[in-house]
Amino acid sequence: MAKERKFDFAPLPRVADIQEEVDNNKTNEVTDGAPTKVTFDCDYILMENMKDYGYWEGLTQKDIILESLKLYFQDKEIRPRPDKIRNRTKVGRKPKSASE
C-alpha cells in the first residue's frame, strides 16, 4: 500500500520582488555576454576543501569559485587589456555552430 504524501508549496515571489533583486545584483556584477567555461589546474588540497565546504554549506563548486573571485576583485583596480591583446585570434577548438 502506497503512503499518502502531502506536499507544501511555497508561494511564488512577486515579479516586482524578482526585478528588484535582479537590479540589486546588476550593481555588483559585470555581465558581458554569455557565461564562459573555464578549465584550470588546482591543488588537490584546495579542491578537497572546496568540495567538503560545499557539501556542508549546500553550495556548488561553481558558487564557491564565483564568490571567491568576486571577493578577490572587490578591492582591486582593474585596467582593461589593450585592444591588440583583447581582440587577437582565439587559439583552440572552433565553437560549435548553432545548427548542430
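The table below gives the values:
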| item | result |
| --- | --- |
| Single residue of segment 57-100 satisfying the filter (touching a helix residue (DSSP H, G or I) at 6+ places or on another chain (Cβ under 8 Å) and among the aliphatic types (A, V, I, L, M)) that is farthest from Val38 (Cα to Cα) | Leu59 |
| Those helices (runs of 4 or more DSSP H) lying entirely in the chain with at least 1 residues surrounded by 10 or more Cβ atoms within 10 Å (Cβ to Cβ) and modelled with pLDDT of 90 or more | 44-57, 61-73 |
| Residue in segment 53-63 that is touching a Leu at 6+ places or on another chain (Cβ under 9 Å) and at negative phi present | yes |
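The values are calculated or read from the model by the stated rules, or taken from the named source; none is laboratory data. As the structure is a prediction and not an experimental result, all values here were calculated from the model. Ideal geometry is used to build each Cβ from the backbone, glycine not excepted, and the neighbour counts take in all protein chains shown.
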